[in-house]
Every structure is written in structure tokens, then in C-alpha cells.
Amino acid sequence: MPAIRIRRCRLGLMLPALLCLLLGGAGRLLAEAPQEYQVKGAMVFNMAKYIEWPTGVFSGSGAPLVVCSIGRGPFTGALEQYRGKTVLGHPLQVRRMQPGEELGECHLLVVSGVEKRYLAGILDQARKRSLLTVSDIPDFARLGGIIGLVEVEGRVRFEINVKAAQQSRFKISSQLLKLARIVREGE
Amino acid sequence: MRKSRPGLRLVLVGSLLLSLSCGRTALAQDAEQAAPSDLESMDLEQLTNLKVETVYGVSKFEQVVTEAPASVTVVTSEEIRRYGWRTLADVLKATRGFFATYDRNYSYIGTRGFNRPGDYNTRVLLLVDGHQINDAIYESAAIGTEFILDMALIDRIEIIRGPSSSLYGAGAFFGVINVISKSARQIEGVELGGGWGSQKTGSGRISYGKLFNGGEFLLSGSGYDSRGNDRLFFPEFNDPATNNGIARNMDRDRSYSLFASGHLHDFTLAGALVSRDKRIPTASFGTIFNDPRTDSNDRRSYLDLRYDKAIDGTSVTARLFYDEYRFTGNFAYDRTGDDPPLYPASYVNRDQHLARWWGAEVQASRQLLPRLQLTGGARVRDNFQVEIPNYDLVPGGRRLDNSHENVFYALFGQAELRILDTLILNAGVRYDHYETFGGATSPRLALIYTPVEGTVFKLIYGHAFRAPNAYELYYNDVFDGYATSTSLRPETVRSYEAIYEQYYGGVLRTSASVFYNKIDNLISYQDVSPTQVAFANIDRVKAVGGEFEIEGQWSSGFAARSSYGYVAARNEGTEQSLDYSPRHLVKLNLTAPLYRKNVFAGIEMQGVSRREFSHNGAGVASPGYLVTNATLSSTALLPGLDASFSVYNLLDRRLDDPATTDHAQSLIPQDGRTYRLLFSYRF
């Protein structure tokens, strides 16, 4: 059946050609709604203003606020654009970390896309250093993180573990708490 | 002689290169898009009220995918909806390096050149939220309409290629399919689902999810009924005595399933049940052709209680489970000279199998040194009731009782050592102990190298085993058709794999891999006499192959994925190509937004090359095919309403899958063009 075989080959060639055509056109269309991680990045940048940081965490008024991020994926990338912007007078620094790396200089820790078995260790380390932890891992606040970002009907919402925040000596403004679902650990 | 066709291969490779190069241009265009800068000036309240474009696909699970000591594919609920996938088999058919065959009763997974119609997928481990679905008799991974979870309740599926026994255990011989269910957070309130399709197919579902202070729960029930292909024609039975080869109304498929899950504090309780009835139109096992008494019922259920807690930097997961599997197979036979003389002219022979088991598992993970993450655990399973009797449904007829029980336990550990910031060594080992044959050790070693962000190389060595299952060890019927062999040893596979993954921004991803598998002591059917078969450790297989995939996802809503897989599998015993093994697999999946990211078109094409096999002493082949499916789907066109319309086998191609020697026919016809309309409404 050589005729059929040839036809099949030609189809095989047509597939990627078709793909090519469509992909070429794809980039030209503009997005209508912002991407999930652009919003999450903006939230991290903005929420720092709604936090009363423990005294003495910044060495001076113009000292940098170090945002560290653990995990691969789009969250880290979305934070990059806020590098150098100032929050409460502190210029923002963004650092990528690996699980297990020393978190000594971080103030805010963003955790995204890491496997769950790493989480307990990361949270333990963050707690010891009084870091503000933010993550979009499901149930992050319940599992001991401070601020969880959850998707509810296409919108990004906050879940806050008040007890964890207090333990790490953070005061979260009522404005932020009003927007969040309050989560107790172990719930 | 089985010759490859270089022409075809050349075309495929060329076309993939073409799509790769064009992908790069598309990427460049995407980067030119302006980033929305007004986001940073918004306050938190405005941000929380913003409707966002959710990222789906692989990028959300980048670490899972890149740092896993395996080649991993993540399939999301969005893809399931946009491509109209009806079963797990549909998902696997669209997945790089996988295919599936259907004997019009069960679906069989093909991967890495390996597909054994009739093995009930005993070499792939299927999990739902980490709970093992493979049963205690056939160790079957049910991927057809007999799968335990409605497709609408799936949040995502992680498909892990290669032997993963070191972490997952005995069944993970060729890979692991981990299905993660939706939680109440994704289905809050009541959701109604319904479907209509060709072959008088209908389905319905009602789900209810609730969040409350301290926990959440989800309840769901589904029903499915299909008349199936009611005029299947089998030329082997083309005789007036057997209805001219037409199996009339013999393809009926009915099922119902229930699922419940909830968590309270650190505990998660889940329960699931599925019952499926399927008529068997193929007259397999020498049954009477076109006799509606021949059918099968599979009923699988479980309860699973899980405890998750982070205790001083240690992640602890403990699990307690109870499982049940019932199989009822009815097989209609004509009386022959070998049957007792007082038997009626025709009668039904029945398999009525029941397995019950419970078990427990505990796993802990801790960062021991700054660069060392250790995971360890233990598992015990008690198959306290395994009954596989076979009898004739004739008063005073033949009966063969067959009961067993066994216990097994396992210990496992895995170390992830970050040698350098760019280099991870992942070493795992598992020891399983079975009452039947003793112990088996499965090591796995992987090096994961990320020289720069976005580039990942993996080198993997894995050794896995599969314990002979109760069916292979003990099954016999009243005809004494099986010579049981309790001395079966486990099969083993040694696998070597090299993977190169490249990410181009958040948009494109390519993956290339080569593998070499060496399988020893493969358990196969063997004829011991003209009327008796036995399972024995007879075959040795060597398989060499490679896969290439390109995947792209644009903020405009376009998504595309294309892959090519090649494998040469050789049976060392017969010194021939491995039966049922296609050399080439081609896939293309394409999603395009048609209207405001509310309406999408999804088109997929799957090509499987010719499969040769021996059938009742003759060398035969199923021809290669290319099948196209198309789906039009919409989300939130009206508030709460999702709908999709799919056409399967769009070009109405004739498709055939290979049959086993349990069938008189060598090829099993698959469906021509069919349709399905599916909707869900939440309020």
C-alpha cells in the first residue's frame, strides 16, 4: 500500500507546518487579563507595606529589603521587575535561593513550586530567622506558612496564619487582614 | 524481516526541527509584549479583585518536573477539558511516549515499546492522591471507563516515566501515573455535569464541595451508560451460525462511581467506589459469539485516611487504608464432549473474584544537612482475603475454589544531595519483602545538572521489579486451562536514561531523551499442552529508544505540544522484534482561543506505527494509523457554565488494535467517528 504510506508521510509533515503557522500568529495577540504571576508578584511587592516589621530587622532606614525566592517556576521571574523599587524607604533586592541554602540575609521568603517534602524544612528555617513567608502552595498557611496566595474563582486571595505571624513578631495591618481568610494552623 | 522506513523517520525529524525553529520566532514575538506596569500601583484590594489569567500546564510544576529523577509530564484539568479527554486512556494517548490499546473490554497502556494486551497494566503503578489503585489480584491499573474517578474531578495528573520502584514500590515497573483529585476549593457549592454522545452514550454527575472553619469536604457521584458500537463486525466469525460476524448490542458499557474526600485539621479522609459492567463483544476465551451473557463487572473501592504534619522541620505523612476489588466475569460456552453429560446445551462459566486488603504507610522527610534532604518510610500491606474461584452456573456443576492470603512489607529511603548549586544527586533504594518469593531490592540513582537556569540534564539509572500477581501465581479454571506455577520469580528491569530539558522563557519548553531498558524474567504465557497455558519467567527484552517533545504556551491562550517517540524493542528469547511494539509514535496537540479566552478549539493528532505480533502461530500486524480528535470548549460563557463538544476520530479512519491469543480474531476494530457534548453548571 505505498500510496497510503506516502499520504501518511505528507500528513506527518503537515502537522508541524500547521503548528508553525498557528504559533507564528499566536504571539501577536495581546493578553486581556494579567497573568496570574504578574498579579502575585505585585501582591508581594505591595503587601510589604501592610506589614509592621519587627524592630531591628533592617540595619538602617535606607537598608535593603531582601526578598528571597525558593523554587523554580514563574513566581521568581515575576518578582524580578520589582528589583530596586522602594518599599517603606527600603530598596528591594531579589535573590534566588536553593532549598537548604542559608537564608540569613532574607527578610521576605517566597516559596513556589517546591515539592511538599521540602516545605517543613524551609518553614522551620524561616521561623528561626523570623522571615515573612509567602507562597502559593496549596494550604501553605495551614501548614505553618504566614501568607498563602490561593486562587478563588479566577482571583488571587490571601490566607493568613495569624499565629505564625505573631510567632515571627510580624504585625499585619487590619487592612490586609480584612482582605484575607484567617487560617489557624492544623486546620 | 522487520525493516524500518528511513523515509518516514526523516520526514518526522525534519518536521520537528521545523516546528522547533518556528517556535523560536513565536517566542521572540511573545517577549515583545508589554508587561502590565499599572499592577504595581494598585492597592491590595484592587489586586484581589482582579480576574487573572491562570497559568496552566507545566510551568506551575517546574520544580516537580525539572528536579524529579525522571522524565515527568503534568496534565491539568484545563487540558482534559480543552481536548475532551473521556478516560485516562485518552490522556495517555496524547502523552509523549505513551499509547493505549482497547480490546473492547479493557484498555492497555503502551510505553517504551512495551504493550501487552491482556496484562491489565500490571507494570504501571496507578495512584489517586497517592493511594494505589492497582488491585491485589491482577494488579490492574484501570484506565478506561472502569477508572475510579470521574474525569471532571481530576485536578492534575503526574506521569512519571521509567522504573520508580525505589520510591513507589513494586508496580512502578515502567512508570507511575499519579492522579490528583480536585478539592472543595475548586468545586465550592453544587456542580451538575452531563454528557451526551454517539452510541447512545449519556452521563451525569452531581458534586458538592464545602469549605468550613477548620476543614473542607467534597462529595460526588457519577453515572455513565453507553450502548457502544452495536454492530461490530468480526470477519473471523462471518458465518450464518454466528450472526454473520456481527456482534449486535454486545458493546454495552455502564458504570457508576462515588467519591468523597475531606480534611479536618491534619487529617484527610478519602473514599471512592466504582462499579462497571461491560459486555464483551469479541467472544474472547472461546466463548459463544454474540451471546449477551458474556460480560464483566469490575467493582473497586477504598477508604484512605492520611495524616500530614510538619513537626519541627520534618514533614511526616502517615496513611492507613482499606481496599476492596471484586471481579465477576461471565463466559457463555456451548457444551462440548469434555463437559459433564448432564449440562445444558449452553451454560455460563463464572469468575467471581474478591480481594480485600488493608495496609499502612509512614513517610518522613527532613533536611539533615544544609544540602542534604533525606526521605524514608515503611509500608505494610495485608492481602487478607484473595479469592479467585471459577465455577459453572449450572446446578451441581463444576467448581474450583481458590483462596489465598499474603502479607508484604517494604522499607524505602531517598537522599537528595545538592553537590553544587547546579548539581543534584538523587539516590533511592527500596527493599520489598513478599511471602511468596522473598525480598527484592530496587535502587535508583540520578544526577540532575542545571548549568544555567532553564537548562536541565538528567542521567538516571534505575532498577525495578514486579512481583508475580495472584492471577499469575494461582489462577485456574474448571477446564484446567492453566498450569499454576507458584515458583514464579519477580520480573526485573534495568533502565538507563539521559534527558535534556530546555526552557525558553516561560513560553517554550523542549525535552529530548534516550533510554535503554533491559528486562529479565518477564512473565509470559506459555503453552504447556494444546489445552493448557502457564505463566513462566521466560522472556528477556531489550529496548532502545528516544523521545523528543516541544511544548509552548502563550499568554494569548494558544498552547501547543508536539512529540515524537522511537523505540526498538527486541525479544532476546525469540530473537525477534517484541510483539505489539510500534516503532514510531507521533503526537500533536493544539489549543487556540477563538473568542476572548472563553471559547477554545483543541485539536489533537496521534500516530502509531505498524505493530507486528504473532497470533495463534501466525505472524500478523495491525496497520499504523493517524487519528484526529477535535474539541470546542467554553468556560464561563454564562456564569458557572462550562461546555464542550468533541468529535473523536474526525476523519472516520478505520482503526484496529492487536488482539491477544485469548481472541480468535487478530485485530479488534476501534470506533469510527463519534461525538460527545459535555457540560457542567455550578451554582
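Each residue in A:VAL114, B:VAL75, B:VAL190, A:VAL162 was given a count of other beta-carbon atoms within 10 angstrom of its own, and listing them fewest first yields B:VAL190, A:VAL162, A:VAL114, B:VAL75. Would you mind checking the tilt of helix B:6-31 against the longest principal axis of the Cα atoms of chain B, expressed as 0 to 90 degrees and rounded to 10? Here the helix axis deviates by roughly 30 degrees. Once you mark the GluC sites (Glu not before Pro) that are in a DSSP loop and have at most 13 other Cβ atoms within 10 Å, what is the longest gap between them in chain B? Longest stretch, sites excluded: B:33-434.
Can you give the FRET efficiency for A:GLU153 and B:VAL478, using 1/(1 + (r/R0)^6), R0 = 35 Å, r = Cβ-Cβ distance, to the nearest 0.05? Can you show the working numbers first?
Numbers: r = 58 Å, r/R0 = 1.66.
FRET efficiency, A:GLU153 to B:VAL478: 0.05.
Shielding of peptide B:305-311 by partners, expressed as the average count of other chain Cβ atoms within 10 Å per residue Cβ, is 3.
Panel note: the C-alpha atoms of the range B:309-401, placed on their principal axes, show extents of 76, 20, 15 Å (largest first).
Straight-line cross-link partners of A:LYS116 among the lysines, defined as a Cα under 25 Å from its Cα and at least 8 positions apart when in the same chain: A:LYS40, A:LYS128, A:LYS163, B:LYS60, B:LYS182, B:LYS210, B:LYS309, B:LYS458. In sequence order, the range B:185-202 has phi-based couplings of 5, 8, 10, 9, x, 9, 10, 10, x, x, x, 9, x, 4, 6, 6, 9, x Hz under the Karplus curve 6.51 cos²θ - 1.76 cosθ + 1.60, θ = phi - 60°, and Gly or Pro positions carry x. Among the GluC sites (Glu not before Pro) found in the range A:60-155, those both in a DSSP coil and sparsely packed, with 13 or fewer other Cβ atoms within 10 Å of their Cβ, are A:GLU102, A:GLU105, A:GLU153. Shielding by partners for peptide A:38-49, expressed as the average number of C-beta atoms from other protein chains within 10 Å of each residue's C-beta, is 5. For the protein assembly as shown, the alpha-carbon radius of gyration amounts to 0.96 times the rule-of-thumb value 2.2 N^0.38 Å expected for a compact globular protein. Each of B:THR73, B:THR486 has some number of other Cβ atoms within 10 Å of its Cβ, and from fewest to most they run B:THR486, B:THR73.
The alpha-carbon atoms of the range B:607-668 define a convex hull whose volume equals 102 cubic angstrom per residue. Whole-Hz Karplus values for the range B:74-85 come out as 10, 10, 9, 4, 4, 5, 4, 6, 6, 9, x, 6 Hz, taken residue by residue from phi with 6.51 cos²θ - 1.76 cosθ + 1.60 and θ = phi - 60°; glycine and proline positions read x. In this simple spin-label approximation, B:ASN244 and B:ALA498 carry label points 7 Å from Cα along the Cα→Cβ vector, and these lie 5.9 nm apart. Remark: B:SER77, B:SER181, A:SER174 ranked as A:SER174, B:SER77, B:SER181, counting other beta-carbon atoms within 10 Å and listing the fewest first. The residue among A:THR55, A:GLN125, A:HIS107 whose Cα reaches farthest toward the positive pole of the charge dipole of the range A:36-182, with charges on the beta-carbon of Lys, Arg, Asp and Glu, is A:THR55.
If every alpha-carbon in chain B counts as one equal scatterer, what log10 I(q)/I(0) does Debye give at q = 0.05, 0.06, 0.11 1/Å? Reported log10 I(q)/I(0), two decimals: -0.23, -0.34, -1.26.
Charge dipole of the protein assembly as shown (Cα centre as origin; +1 on each Lys and Arg Cβ, -1 on each Asp and Glu Cβ, all else neutral): 1820 debye, rounded to the nearest 20. Subtracting the Cα-Cα distance of A:LYS128 and A:LYS163 from their residue separation scaled by 0.36 nm leaves 11.1 nm.
Within a straight-line Cα-Cα reach of under 17 Å, B:LYS518 can be paired with the following aspartates and glutamates, leaving aside sequence neighbours fewer than 8 residues apart in one chain: B:GLU491, B:GLU497, B:ASP539, B:GLU572, B:GLU575, B:ASP579. Apply the Debye scattering formula to the range A:36-182, with a single equal point scatterer on each alpha-carbon and no solvent, then give log10 I(q)/I(0) at q = 0.15, 0.17, 0.18 Å⁻¹. Values returned for q = 0.15, 0.17, 0.18 Å⁻¹ are -0.69, -0.92, -1.05.
Just so you know, all these numbers are worked out from the coordinates, no wet-lab data involved. In this text the structure is predicted, and so the values were computed from the model without any measurement. Virtual Cβ from ideal backbone geometry, glycine too; neighbours counted across all protein chains shown.
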